[in-house]
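Accompanying notes for the structure given below.
The values are calculated or read from the model by the stated rules, or taken from the named source; none is laboratory data. Because the structure is predicted, anything quoted here is derived from the model rather than measured. Cβ atoms come from the backbone with ideal geometry, glycine included; neighbour counts cover every protein chain shown.
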Amino acid sequence: MTDKTYNGWANYATWRVMLEIFDGMDFRDVLGNNEEGAWAVGQACKEYVENLIYESGGGDGNIAVDYALAFLSDVNWYEIAEHLLEETEVEE
């Protein structure tokens with residue numbers, strides 16, 4: 001089995017999405033309250049990023065959108081949510 005971790009994250013896709021989309025962002029401004037826990041925040045993060053892809057890529061049937069969504073299927077959304085929630089706790 002090959003180790004697919006990347007810069008301390010589950011994999012390259014998770015690291016890249018965290019770095020380029022959520023790093024430095026107050027996710028509460030975009031995703032709302034986090035009272036539902038990491039799973040719900042992870043799903044909200046996924047939906048947020050997918051919406052970004054659809055808005056910038058032209059919607060269903062566009063090959064760039066299809067490739068971007070395939071890339072996103074490798075993201076560990078739960079790991080991103082846990083990190084965002086931890087950051088929020090530290091700031092408060």
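Some values worked out for this structure:
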| read-out | value |
| --- | --- |
| Residue that is surrounded by the most Cβ atoms within 10 Å (Cβ to Cβ) [pool: residues in segment 36-48 that are out of contact with any helix residue (DSSP H, G or I) (no Cβ under 6 Å at 6 or more places or on another chain) and hydrophobic (A, V, I, L, M, F, W, C)] | Ala40 |
| From the options Val90, Val65, residue that is at pLDDT below 95, more than 23 Å from Thr5 (Cα to Cα) and exposed (fewer than 14 other Cβ atoms within 10 Å of the Cβ) | Val90 |
| Filtered residues of segment 1-19 (kept if of a type in the set (D, E, K, R) and modelled with pLDDT under 95) | Asp3, Lys4 |
